[in-house]
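S.K.: Could you have a look at this structure, given as C-alpha cells, before my questions?
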C-alpha cells in the first residue's frame, strides 16, 4: 500500500514540475488557490490508487485526468497522448488515413465542418453542418474530439457505419463508408474560365500550400489572366502561417492581415503583410460557404476589410480561436486554445464567421434539367473544336480540366462571381479608367 502511495505521489510531483513555469506567471492569489486545489487533487489520486476496485497505473490516472481537464475548457483544447501527438503532426503533412472529413464540437455535438472533395465522405454525400450522432452503435453524446478521431480513423479498406442528423432537412441518415488513405491536393482546378477570369480552388492550408498557390498564380499570369476567383468553399483551414503567407499575395506591405487577443498581453499580436514583391493587384472575388473555417476566414476577412476582394457566397463556419500545440516531456502534448482571431477591422471571427458582401445561396439543379445556361455552356465548348471539324485529341489532364470547367461554369455561385468581375470592368470603363485587360500594371482596389 505504501508503495502505491509513493508511486502516485512521485507521478504527481513529475506532473507538477511540468507546470512550474506556467504557475510562476500566475498572480499570487490565484497561485495560492491553485496549490490548495492541488492538495485536493493529490488526495483524490491517492484514494483512487488505494481503494478503486481495479488497480490502475499512475500514468493512466494522470492521462485520464488531463484529458478530462482539457475537455472541460472548450471543444478545441485537448490533451494528446504520444500517439495522438504524433498523428497531429502527420495531419499537417497532407496524407492520413480516414474518411475525409474535418470535424469539430459545436453546441456540444460532433459536427462536420466539411467533407474533403474527392474523399469517401464526399462521395458518400456527407455535408457541412451534419451532426454525427452515432459511430457504429455508440452514441456520440459528450464525446471528445480526440475520442471521435480515434473511432473514425482505422485501417484503409475497413468500413465504418455512422449516423448523422441533417438539421436543414430534419432527417436521420445512415452511411457506410470505407476508409482510405486521404491524399489532399491543396490547390485544384487552376484555369481561365472566360475572358481573362482566372480560377483557383484552395482546399486546405498545409505545408506546401503557399508554394503551390504561388505556382498557380504564375500559371494564370502566363495565360494572361486579369482577374481572379479564389474558391475557399469547404476549406476547413489548416496552418496559420500558411494562411497568412497566401493572404500576403494580395495585401500590400504594412497592412493588417489578422490580430489575436488572449488573456495575457504576450498572446496579443497583430500580423501585418510583409509582401513587397509579386503583389497580385487584380480584381478578386472570394467564394466562401458554411464549410469555410479558420484559415479560410482569416484570408476572407483580411481581403474584405482591406477592400481587396468581394466576398461572395454564404456565412462561414466561425472557427476563430488559436490553438497552440505544446509538447510535453514524455512525448505527449497539449492542444490549448490561447487566443482568438480578429479581422483587421476588429471583428471577432469565433462563433460568428465572415459575412459575405454578396450572399448567394448554392443552387444545385436537377440532373434531368437542361436550361438555357447549360446549352450555352455546351455551345462554348462546341466552338472550341477545330474549324475543319476535326476532334481535338485531349490528354487525360486536359479532359479533367475540360470537365472541371464545364462543372464550374454550371455552378451558380461561380457564375455570380464572374458577373461581379465583369461588372467591375464595366464600372472601370464607365469612370474613364483603363480596363484591367488593357493595363495589367494598374491596381484595382475593391
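Any read-out appearing in this document is the output of simple, stated calculations on the displayed coordinates, not a laboratory observation. A quick note: this is a predicted structure, and the numbers were derived from the prediction, not measured. Note: ideal-geometry Cβ built from the backbone for every residue, glycine included; neighbour counts use all protein chains shown.
S.K.: Write down the Kirkwood hydrodynamic radius of region 95-183, to one decimal in angstroms, obtained as one divided by the mean of 1/r over all alpha carbon pairs. Kindly include the intermediate steps, with their values, before the conclusion.
M.R.: Values: mean 1/r = 0.0781 Å⁻¹.
One over the average 1/r among Cα pairs gives 12.8 Å for region 95-183.
S.K.: Sort 328, 70 so that the residue with the fewest other Cβ atoms within 10 Å of its own Cβ comes first and the one with the most comes last. Could you put the intermediate results ahead of the total?
M.R.: Numbers: 328 16, 70 21.
So the residues, fewest neighbours to most, are 328, 70.
S.K.: Could you calculate the contour length gain from residue 60 to residue 253, that is, 0.36 nm times the residue separation minus the distance between their Cα atoms, to one decimal place in nm?
M.R.: Details: separation 193, 0.36 × 193 = 69.48 nm, distance 5.03 nm.
Net length gain for the segment: 64.4 nm.
S.K.: Estimate the FRET efficiency between residue 39 and residue 69 by the formula 1/(1 + (r/R0)^6), using the beta-carbon distance for r and 25 Å for R0, to the nearest 0.05.
M.R.: Details: r = 16 Å, r/R0 = 0.66.
E between residue 39 and residue 69, to the nearest 0.05, is 0.95.
S.K.: Under a plain spin-label model, where a point goes 7 Å from the Cα along Cα-to-Cβ, how far apart in nm are residue 279 and residue 183?
M.R.: My value for the distance between the label points is 3.9 nm.
S.K.: I need the calculated FRET efficiency for the pair residue 223 and residue 427, taking r as the beta carbon distance and R₀ as 22 Å, to the nearest 0.05. Walk me through the intermediate numbers first.
M.R.: Working: r = 24 Å, r/R0 = 1.10.
For residue 223 and residue 427, the calculated efficiency is 0.35.
S.K.: Mind giving me the nanometre distance, one decimal, between the label points for residue 167 and residue 395, set 7 Å out from Cα along Cα→Cβ?
M.R.: Taking the simple label geometry, residue 167 and residue 395 are separated by 4.6 nm.
S.K.: Place a label point 7 angstrom from the Cα of residue 326 along the Cα-to-Cβ direction, then list the residues of region 230-269 whose backbone nitrogen is under 19 Å away.
M.R.: 260-269
S.K.: Give me 282, 122 ranked fewest to most by other Cβ atoms within 10 Å of their Cβ, as a rough exposure proxy. Walk me through the numbers on the way to the answer.
M.R.: Values: 282 24, 122 17.
Ordered by Cβ neighbours within 10 Å, fewest first: 122, 282.
S.K.: Right, something else. Would you please give the FRET efficiency between residue 194 and residue 86, computed as 1/(1 + (r/R0)^6) with r the Cβ-Cβ distance and R0 = 56 Å, to the nearest 0.05?
M.R.: E between residue 194 and residue 86, to the nearest 0.05, is 0.75.
S.K.: By what distance, in whole Å, do the Cα atoms of region 235-314 stretch along each of the three principal axes, largest value first?
M.R.: 38, 32, 19
S.K.: Can you compute the modelled spin-label distance between residue 211 and residue 347, with each label point 7 Å from Cα toward Cβ, in nm?
M.R.: The two pseudo-label positions are separated by 3.5 nm.
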